[in-house]
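Below is one structure, written out as structure tokens; the observations come after it.
The values are calculated or read from the model by the stated rules, or taken from the named source; none is laboratory data. Everything numeric in this text was worked out from a predicted model, so none of it was measured. So basically every Cβ, Gly included, is an ideal-geometry build from the backbone, and we count neighbours across all protein chains shown. Note: accessible area is taken over every heavy atom of the protein model, side chains too, but ligands, DNA and RNA are not part of it. Shrake-Rupley method; radii C 1.70, N 1.55, O 1.52, S 1.80 Å.
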Amino acid sequence: MSTDVPGMSLPSGATMPRIGQGTWYLGEDPARRAGELAALRLGLDLGLTMIDTAEMYGGGAAELLVAEAIAGRRDDVFLVDKVLPGNASRKGTIRACHRSLQRLGTDRIDLYLLHWRGGYALWETVDAFTELVDAGDIGAWGVSNFDGSDLEELAAVAGGGAWATDQILYNPARRGPEYDLLARCRRRGVPVTAYSPFDQGRLLSDPTIGEAAARHQATPAQVVLAWVLRQEGVAVLARATDAAHVRDNAAAVDLRLTDADLAAIDAAFPAPAGPTPLETV
Ligand SMILES: NC(=O)c1ccc[n+]([C@@H]2O[C@H](COP(=O)([O-])OP(=O)(O)OC[C@H]3O[C@@H](n4cnc5c(N)ncnc54)[C@H](OP(=O)(O)O)[C@@H]3O)[C@@H](O)[C@H]2O)c1
């Protein structure tokens with residue numbers, strides 16, 4: 001049965017689902033490939049229609065896996081991809097996008113991000129993103145791992161105000177963005193996308209998270225996803241290759257944490273008391 005995953009409006013008017021499937025480390029091991037493909041397809045069946053990938057993941061291997069997962073159902077999918085900073089020059093970004101489109105077996109990426117800030121001037125990447133939007137190769141563009149000062153610099157570049165998301169590390173153990181970054185994006189009407197919600201699995205054995213899960217007859221993963229999604233204007237990406245995990249994650253949209261759950265999580269993982277540099281993995 002498919003879950004009714006809520007969506008958020010991007011400045012372009014497109015709708016981005018609030019929960020998506022991550023693909024870091026996927027497609028790299030032939031022995032695991034069939035299981036990974038089945039997990040992504042199951043996620044799509046269950047309503048997890050946002051898939052996040054990057055040219056970096058397995059040097060294109062994740063994009064090739066995604067191509068297979070979305071074959072025949074491209075119109076049902078919200079596809080997010082990322083250009084490596086080392087490719088993000090004016091011409092390099094266009095070439096990288098076209099290579100990704102070819103690997104993905106599609107004619108458009110819904111949201112194309114600069115994976116993190118690198119050596120090229122931001123105007124070069126923004127100019128290329130704008131051209132890709134005009135050509136219909138991408139629906140919208142955004143950034144990843146940008147802190148507040150990076151976003152200010154971006155906004156000062158011609159066309160730089162059109163960014164559609166900042167994809168960042170955010171979970172109960174990495175709450176720095178709550179001090180300022182989340183509010184900054186919300187004020188601009190731009191969704192934040194939280195990656196590594198489980199801190200790559202580490203958070204799922206935390207006792208406080210486990211106790212909240214037990215109170216709701218839910219799983220620790222569902223508690224963490226519900227905790228991230230309690231914030232208005234935030235979407236989340238979870239990577240799962242186990243079918244039971246995919247089912248858990250899809251069902252997390254129905255979980256509402258109580259004030260007592262949130263207070264217990266606050267006590268175990270305090271909110272930032274001051275400016276905190278953005279963390280990355
Ligand atoms: N922009 C960036 O710089 C950036 C950086 C990091 C990540 N990302 C994106 O965000 C995605 C998610 O982050 P991540 O891959 O770092 O890690 P993550 O989603 O925090 O954690 C993945 C781990 O959690 C496990 N898991 C997933 N659902 C579970 C469940 N319901 N119950 C128990 N365990 C569960 C997975 O196990 P199984 O595989 O066994 O199911 C896997 O070991 C990435 O795949 C990528 O697309 C972006």
What number comes out for the charge environment of residue 131, summing +1 per Lys or Arg and -1 per Asp or Glu over other residues with Cβ under 13 Å away? -1
Check: C-alpha center the stretch 170-225 vs C-alpha center the stretch 110-137, spacing in Å is 28 Å
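Which whole-number percent is the relative contact order of the chain (Cα, under 8 Å, 6+ apart)?
Values: 537 pairs, mean separation 54.3, N = 281.
Dividing the mean separation by the residue count of the chain yields 19 percent.
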Considering only DSSP beta bridges whose two residues both sit in the chain, what percent are antiparallel, to the nearest 5? 15 percent
In whole percent, the Cα-Cα distances of the stretch 146-208 spread across 10 Å bins from 0 upward as 20, 46, 23, 9, 2
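Using only the Cα atoms of the stretch 1-132, build the gyration tensor, take square roots of its eigenvalues as a ≥ b ≥ c, and label the shape rounded, prolate or oblate: rounded if a/c is under 1.5, else prolate if a/b is larger than b/c, else oblate. All intermediate terms of the calculation are to be shown ahead of the outcome.
Details: a/c = 2.17, a/b = 1.36, b/c = 1.59.
Oblate is the answer for the stretch 1-132, as a/c is 1.5 or above yet b/c matches or exceeds a/b.
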Using a 1.4 Å probe and counting only protein heavy atoms, arrange 28, 232 so the residue with the most accessible area comes first. 232, 28
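For the stretch 152-281, give me the percentage of DSSP beta bridges that are antiparallel, rounded to the nearest 5 percent.
Working: 1 of 8 bridges.
Among the beta bridges of the stretch 152-281, antiparallel pairing accounts for roughly 10 percent.
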Before anything else, pin down the relative contact order of the stretch 77-206: Cα pairs under 8 Å, at least 6 apart, normalised by residue count, whole percent. 20 percent
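Would you work out what percent of the accessible area of the chain, with all protein chains in place, is carbon or sulfur (probe 1.4 Å)? Write down the numbers at each step before the final one.
Details: 5900 of 11680 Å².
So the carbon and sulfur contribution to the accessible surface is 51 percent.
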Work out, in µm²/s and without decimals, the Stokes-Einstein translational diffusion coefficient of the chain at 25 °C, 0.890 mPa s, Rh from Kirkwood over C-alpha pairs. 130 µm²/s
I'd like the accessible area for residue 45, computed on protein heavy atoms only with a 1.4 Å probe and all protein chains in place. Round to 10 Å², please. 90 Å²
Between the stretch 227-249 and the stretch 74-106, the Cα center-to-center distance that results, in Å: 24 Å
Area accessible to solvent at residue 266, 1.4 Å probe radius, in Å²: 70 Å²
Decide, for the stretch 126-281, between rounded, prolate and oblate: order the square roots of the alpha carbon gyration tensor eigenvalues as a ≥ b ≥ c, take rounded if a/c falls under 1.5, and otherwise choose prolate if a/b is larger than b/c, else oblate. prolate
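How much accessible area per residue does the stretch 51-106 have, in Å², with a 1.4 Å probe? Please list the in-between numbers first.
Working: 2010 Å² over 56 residues.
On a per-residue basis, the stretch 51-106 sits at 36 Å².
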For the stretch 1-43, just say rounded, prolate or oblate: build the C-alpha gyration tensor, square-root its eigenvalues into a ≥ b ≥ c, call rounded for a/c under 1.5, and beyond that prolate if a/b exceeds b/c, oblate if not. oblate
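Would you rank 123, 116, 24, 141 by solvent-accessible area, highest first, keeping every protein chain in place and using a 1.4 Å probe? It would help to have the intermediate numbers written out before the result.
Values: 123 135, 116 100, 24 65, 141 10 Å².
Result, largest first: 123, 116, 24, 141.
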If the elastic network links every pair of Cα atoms under 10 Å, which of 120, 170, 195 fluctuates the most in the Gaussian network model of the chain? 120
If you take every residue apart from residue 82 with its C-beta less than 11 Å away from the C-beta of residue 82, what net charge results, scoring Lys and Arg +1 and Asp and Glu -1? -4
